[in-house]
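Student: Supplied in structure tokens, the structure appears directly below.
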Amino acid sequence: MTKKIGILTGGGDCPGLNPAIKGVVYAAEKFGYKCIGLAEGWKGLLEGKTINLDKKITEYFIEKGGTYIGTSRTNPYKIEGGVKKCLKNFKKLNLSALVAIGGEDTLGVATKLYKDYKLPVVGVPKTMDNDLSITDYTFGFDTAVTVAADAAFRLKDTGKSHRRIMVLEVMGRHAGWVALFTAITSGADFVCIPEKKIDTQKMIKKLKESYRRKKFALVITSEAAELDGLGKDSEKKELDQFGHVILKDRGMGAKIASLIEQKTGIETRFAVIGHIQRGGSPTIFDRILSVRVGMQAAKLIHKKDFGKMAALVGNKIKGVHLHKATGKLKTVDKKWYEMMKILF
Ligand code: F6P
């Protein structure tokens, strides 16, 4: 009987998921396996809901945004009897292995299922936040930055015309990579990332200087940034099943813009790019990366090298231990602060 691989995509979607699925399917079929999609992340395994996948279905996936098999932020460890149901359905569906495509949360569950039950699982790293350890980049990030940089260039035009300060809020829950890379590529005047509390006085001084010179300034902020002048969020915080604060109503861009206007007296506007960064066709970089890590996942399964994740290390795709990739978030570190000091 042909062996069957279950594929799931969990957590926030990002461009590259469909090409990654294609990579798994194409390589798996070459090794003699059939693939089946589990609908909407871990929820699919929990409820035994599947979606057909084969080479014909995935043929045009390379440039397609979103995820054909759906996603959710379901955590089986937070649902009563959830893990048992997953294990039961794994057997019932006759699966011989599982490919979990996700970020720290989805792959965190995969790590636990491998550790606790030796479930034959391998991971594929994805997240627009680029905050997974061991892998140099996660697919979704390059597209997110490309889209955000395009928004920043557009804001520059309108900001320059109106002699305004413009603020662009980008995503990035615990990590400032998207904000930092967008700020560098768009030649912004200031960047606010969650890893480093922003000194408001410094920011205002810098913006006044920039404005004096060119009658315009651009600020890129992460949705999760912290500024010393703004104080703590007072509202009750909504958490997802993985215990992360849902940042959708935080309004960092609006808060920073209003603070800047108040302290500088210069007309300031803001824009929030939000989920636009997660849609659309993946960039060439993300297409190549996602298809490569997808294929590597099938290879790991074929070698029975479970409990591993396909990672980009240098220019090579390697199998690394899942627990190492999910143990600690990769956030913007001191080496980048040096660069930030010089640029912003
Ligand atoms: O983790 C990826 C991400 O896009 C974060 O940057 C953001 O905070 C979060 O997902 C938003 O999640 P949701 O799509 O559930 O609102």
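The values are calculated or read from the model by the stated rules, or taken from the named source; none is laboratory data. What you see is a predicted model, and the numbers here were worked out from it, not measured in a lab. Positions of Cβ are backbone-derived with ideal geometry, glycine not excepted, and every protein chain shown enters the neighbour counts. Remember, those area values only see protein heavy atoms, side chains included, never the ligands or the DNA or RNA. Shrake-Rupley method; radii C 1.70, N 1.55, O 1.52, S 1.80 Å.
Student: Mind counting the residues in region 38-52 that are away from the ligand (no atom under 16 Å from the Cβ) and either buried (at least 24 other Cβ atoms within 10 Å of the Cβ) or part of a loop (DSSP other than H, G, I, E, B) (or both)?
Tutor: Of the residues in region 38-52, 6 are away from the ligand (no atom under 16 Å from the Cβ) and either buried (at least 24 other Cβ atoms within 10 Å of the Cβ) or part of a loop (DSSP other than H, G, I, E, B) (or both).
Student: Could I ask something else about it? Any idea how many residues of region 265-282 are more than 16 Å from the ligand (Cβ to nearest atom) and in a helix (DSSP H, G or I)?
Tutor: So the count comes out to 0.
Student: Exactly one condition in (1) over 30 Å from Asn75 (Cα atoms); (2) in contact with a Phe, Trp or Tyr (Cβ under 7 Å, 6 or more places away or on another chain); (3) part of a helix (DSSP H, G or I) is false for Ala298; which is it?
Tutor: The one condition Ala298 does not meet is (1).
Residue-by-condition table, conditions (1) buried (at least 24 other Cβ atoms within 10 Å of the Cβ); (2) within 16 Å of Ile342 (Cα to Cα); (3) not assigned by TED's automatic domain parsing to the domain that holds Ala257:
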| residue | (1), (2), (3) |
| --- | --- |
| Glu169 | yes, no, no |
| Leu180 | yes, yes, no |
| Thr185 | no, yes, no |
| Pro194 | no, no, no |
| Lys197 | no, no, no |
| Lys205 | no, yes, no |
| Arg212 | no, no, no |
| Thr221 | yes, no, no |
| Leu227 | no, no, no |
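Student: Restricting to region 319-344, name every residue that is open to solvent by less than 80 Å² (accessible area, probe 1.4 Å), in a loop (DSSP other than H, G, I, E, B) and not aliphatic (A, V, I, L, M).
Tutor: Within region 319-344, Lys330, Thr331, Asp333, Phe344 qualify.
Student: For Ile69, all conditions in the list (1) open to solvent by 50 Å² or more (accessible area, probe 1.4 Å); (2) part of a loop (DSSP other than H, G, I, E, B); (3) among the β-branched types (Val, Ile, Thr) hold save one; what is the number of the exception?
Tutor: (1) is the only condition that Ile69 fails.
Student: Criterion first (of a type in the set (D, E, K, R), farther than 24 Å from Tyr117 by Cβ and at pLDDT below 95) does Arg292 satisfy it?
Tutor: no
Student: If I filter region 265-282 down to residues being of a type in the set (Val, Ile, Thr) and open to solvent by less than 30 Å² (accessible area, probe 1.4 Å), which single residue comes out as farthest from Gly140 (Cα to Cα)?
Tutor: Looking at residues that are of a type in the set (Val, Ile, Thr) and open to solvent by less than 30 Å² (accessible area, probe 1.4 Å), I get Ile266.
Student: For region 87-115, which residues satisfy the criterion of being part of a helix (DSSP H, G or I) and more than 25 Å from the chain's Cα centre (by Cα)?
Tutor: Leu87, Lys88, Asn89, Phe90, Lys91, Lys92
Student: I'd like the residue in region 91-125 that is touching a Leu at 6+ places or on another chain (Cβ under 6 Å) and farther than 20 Å from Lys78 by Cβ and, out of all such residues, is surrounded by the most Cβ atoms within 10 Å (Cβ to Cβ).
Tutor: Among those that are touching a Leu at 6+ places or on another chain (Cβ under 6 Å) and farther than 20 Å from Lys78 by Cβ, it is Pro125.
Student: Still on this structure, please answer the following. Would you confirm whether or not region 302-310 contains a residue that is assigned by TED's automatic domain parsing to the domain that holds Ile101, within 20 Å of the chain's Cα centre (by Cα) and of a type outside the set (D, E, K, R)?
Tutor: Yes, some residue in region 302-310 is assigned by TED's automatic domain parsing to the domain that holds Ile101, within 20 Å of the chain's Cα centre (by Cα) and of a type outside the set (D, E, K, R).
Student: Quickly run through region 301-318 and pick out the residues that are among the small types (Gly, Ala, Ser) and assigned to a strand (DSSP E or B).
Tutor: Those that are among the small types (Gly, Ala, Ser) and assigned to a strand (DSSP E or B): Ala310, Ala311.
Student: Next question, about the same structure. Keeping to region 246-264, report how many residues are open to solvent by 50 Å² or more (accessible area, probe 1.4 Å) and either without any contact (Cβ under 8 Å) to a residue 12 or more places away in the chain or within 13 Å of the ligand (Cβ to nearest atom) (or both).
Tutor: Summing the residues that are open to solvent by 50 Å² or more (accessible area, probe 1.4 Å) and either without any contact (Cβ under 8 Å) to a residue 12 or more places away in the chain or within 13 Å of the ligand (Cβ to nearest atom) (or both) in region 246-264 gives 5.
Student: Let me ask you something else. If you check Lys118 against the conditions, is it of a type in the set (Lys, Arg), within 28 Å of Asn18 (Cα to Cα), modelled with pLDDT of 95 or more and under 18 Å from the mean Cα position of the chain (by Cα)?
Tutor: no
Student: Next question, about the same structure. Output the residues belonging to region 53-66 that are more than 23 Å from Ile301 (Cα to Cα), without any contact (Cβ under 8 Å) to a residue 60 or more places away in the chain and open to solvent by less than 30 Å² (accessible area, probe 1.4 Å).
Tutor: Hits for region 53-66: nothing passes.
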